[in-house]
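Chemist: Pasting a structure below so you can have a look.
The values are calculated or read from the model by the stated rules, or taken from the named source; none is laboratory data. This is a predicted model, so every value here is computed, not measured. Note: ideal-geometry Cβ built from the backbone for every residue, glycine included; neighbour counts use all protein chains shown.
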Amino acid sequence: MSSALTLYRLQQIDNRLKQVTARINLIQAQLDTNVELQEATSRLNSAQVTSHTLEQELIEAEKKTNSFRVKLNIAESNLYAGRIQNPKELQDLQKDITSIKKNMADCEDKQLDIMIRLEASALELENAKKNMDVTKGKVIAENSTLMAELITLQKDSENLNVQRQAVIPTIDETTLGQYENLRIKRSGFAVSQVIENACDACGSALTPAYAQSVHTSSRLVLCPMCGRILYSN
Ligand SMILES: [Zn+2]
C-alpha cells in the first residue's frame, strides 16, 4: 500500500474517531445535566415549601382564634354571672367582648383565607408530584436510548483506536509528523484524493503529468495549491 493511501486510511479513522469522541462528550454532558428534571424538582420543592408554610400559618391562626374564644367565654360568663354590678365595669366588659369578637372574626377570616390557599397549594403539590413522575419516566426512557448509543459509541471508539494502532507502525515517523501537522492546519483533512486530475479538497487542477506522478512516485506528492498530501486510486 502506498504511504499516501495509508495516510488516507488513517485520516478516515482519525476523522471518524473525532466525530465519535465529540458525540460521546455531548451525551455525557446531557446525562450530567437534565434541564427538565431540574425544573420538575424545583417545582416540586417550591410546592412542598408553600404547602408547609401555609400549614404552619393555619396552625398559628387556629391557636389565635382559640385563644380569643377562651377570652370571649370568660368575658361572657363574667357578664352573665351577674357578679359585676358597676355600670362602668359592665360597659368596659361589653366593650371588651365586642373587641374580642371583632379580633376573633378577623382571625377566622384569615383562617379561611389560608384554608383556600392551602387547598390550591395541595392541588399544585399533587400536580408537581405527577409532573415529577412523568418527567422521571421520560428522562429514564430518553437516557436508556442515550445510554445504548453511548455504549455503541464507546465500542466504536475502541475499535477505531485498535485500527489506528495497527496503521501507525506502518508509517515512518517523518511522514506521520507531516500528516499530523497538515491535519492541524487543514481542519483534519491532511490527505486529498485526486479526482479527474484535480485536488478533491481545494479543487485546483493538476497537469496530467503531475496527477500521474501522484500515482507513480514513491515519495509523497503535495497539492501545489493547498499543500495537502495527494493520493489517487
Ligand atoms: Zn489542494
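Chemist: Check segment 33-43 and report whether any residue there is surrounded by 16 or more Cβ atoms within 10 Å (Cβ to Cβ) and modelled with pLDDT of 95 or more.
Modeler: yes
Chemist: Residues of segment 183-220 being more than 15 Å from the ligand (Cβ to nearest atom) and either touching a Phe, Trp or Tyr at 6+ places or on another chain (Cβ under 9 Å) or in a helix (DSSP H, G or I) (or both), which ones?
Modeler: Selection gives I184, P208, A209, Q212, H215, T216.
Chemist: Here's a follow-up. Any chance segment 58-70 includes a residue that's part of a helix (DSSP H, G or I), over 30 Å from A22 (Cβ atoms), within 21 Å of the chain's Cα centre (by Cα) and among the polar types (S, T, N, Q)? Don't jump to the end; show me each part of the working.
Modeler: Of segment 58-70, the ones part of a helix (DSSP H, G or I) are 58-70.
Among the residues that remain, those that are also over 30 Å from A22 (Cβ atoms) are: 58-70.
Add one more test, that the residue is within 21 Å of the chain's Cα centre (by Cα), and what stays is none.
Scanning segment 58-70, I find no residue that is part of a helix (DSSP H, G or I), over 30 Å from A22 (Cβ atoms), within 21 Å of the chain's Cα centre (by Cα) and among the polar types (S, T, N, Q), so the answer is no.
Chemist: Could you say whether any residue in segment 96-119 is modelled with pLDDT of 95 or more, over 30 Å from N66 (Cα atoms) and either of a type in the set (V, I, T) or not in a helix (DSSP H, G or I) (or both)?
Modeler: no
Chemist: Taking segment 157-176 only, how many residues are more than 19 Å from K18 (Cβ to Cβ) and surrounded by 11 or more Cβ atoms within 10 Å (Cβ to Cβ)? Break it down stepwise before answering.
Modeler: Within segment 157-176, the first condition is being more than 19 Å from K18 (Cβ to Cβ), and the residues that meet it are 169-170, 172-175.
Add one more test, that the residue is surrounded by 11 or more Cβ atoms within 10 Å (Cβ to Cβ), and what stays is 170, 175.
Matching residues across segment 157-176 total 2.
Chemist: So the check is Cβ under 7 Å with 6+ separation or different chains; which pairs have a first residue in segment 161-180 that's within 19 Å of I229 (Cα to Cα) and a second one that's hydroxyl-bearing (S, T, Y)?
Modeler: Every condition considered, the pairs that remain are V167/T6; T170/T6; I171/S3; I171/T6; T175/S3.
Chemist: Go through (1) without any contact (Cβ under 8 Å) to a residue 40 or more places away in the chain; (2) over 30 Å from Q19 (Cα atoms); (3) not charged (D, E, K, R) one by one and return the number of the condition G137 breaks.
Modeler: Answer for G137: the failing condition is (2).
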